[in-house]
Amino acid sequence: RYISRALSNKYIDHFEVMKSFASQLSENMAENNQIVVLMLDQSKINDEFKCLMVSIRIRERALPVMWKVVKTNGEIGFNVQKHHYYI
């Protein structure tokens, strides 16, 4: 219930919360001489929605740090990617 309430709270800017988390994680990795690899992935949820996700590679895993679900008939364009994922 706690997570559901937090995600539905219109006063919490989830993008800003995850942006600070992603920035801190990448800074920590760089300070420890680790190569920071950001991955951008677009996935189809159903016929109407696509999900655009940024992940940070940690060892052999991809840790999702930001995502955006968009209602679209086609692919998510670069304008949406550029606007929503500027770190």
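The values are calculated or read from the model by the stated rules, or taken from the named source; none is laboratory data. Computed from a prediction, not measured in an experiment: that's the story for all the values here. Methodologically, a virtual Cβ is constructed for each residue, glycine included, from the backbone with ideal geometry; neighbour enumeration extends over all protein chains shown. What goes into the accessible areas is simple: the full protein's heavy atoms, side chains included, and nothing from ligands, DNA or RNA. Shrake-Rupley method; radii C 1.70, N 1.55, O 1.52, S 1.80 Å.
Express the carbon and sulfur contribution to the solvent-accessible surface of the chain as a percent, rounded to the nearest whole number, probe 1.4 angstrom.
Reported share for carbon and sulfur atoms: 53 percent.
Counting alpha carbon pairs within less than 8 Å and at least 6 residues apart, what relative contact order, in whole percent, applies to the chain? Don't jump to the answer; show the numbers that get you there.
Numbers: 96 pairs, mean separation 19.0, N = 87.
So the answer I get is 22 percent.
For the stretch 1-52, what is the convex hull volume of its Cα atoms per residue in Å³?
Enclosed volume per residue, from the Cα hull, is 115 Å³.
Rolling a 1.4 Å sphere over the protein heavy atoms, what is the accessible area per residue of the chain, to the nearest Å²?
Accessible surface, normalised per residue, equals 81 Å².
Which angle from 0 to 90°, rounded to the nearest 10, does the C-alpha axis of helix 14-31 make with the longest principal axis of the chain?
Approximately 20 degrees, to the nearest 10.
Determine which aspartates and glutamates satisfy two conditions relative to LYS71: a Cα distance under 14 Å, and not lying fewer than 8 residues away in the same chain.
Qualifying aspartates and glutamates at Cα under 14 Å: ASP47, GLU48.
Sorted from largest to smallest, which semi-axis lengths in Å does the alpha carbon gyration tensor of the chain give for its equivalent ellipsoid, taking the root of 5 times each eigenvalue?
24, 18, 12
Which order do peptides 33-41, 51-59, 7-15 fall in by mean Cβ count within 10 Å, highest first?
Top to bottom by mean Cβ count within 10 Å: 51-59, 33-41, 7-15.
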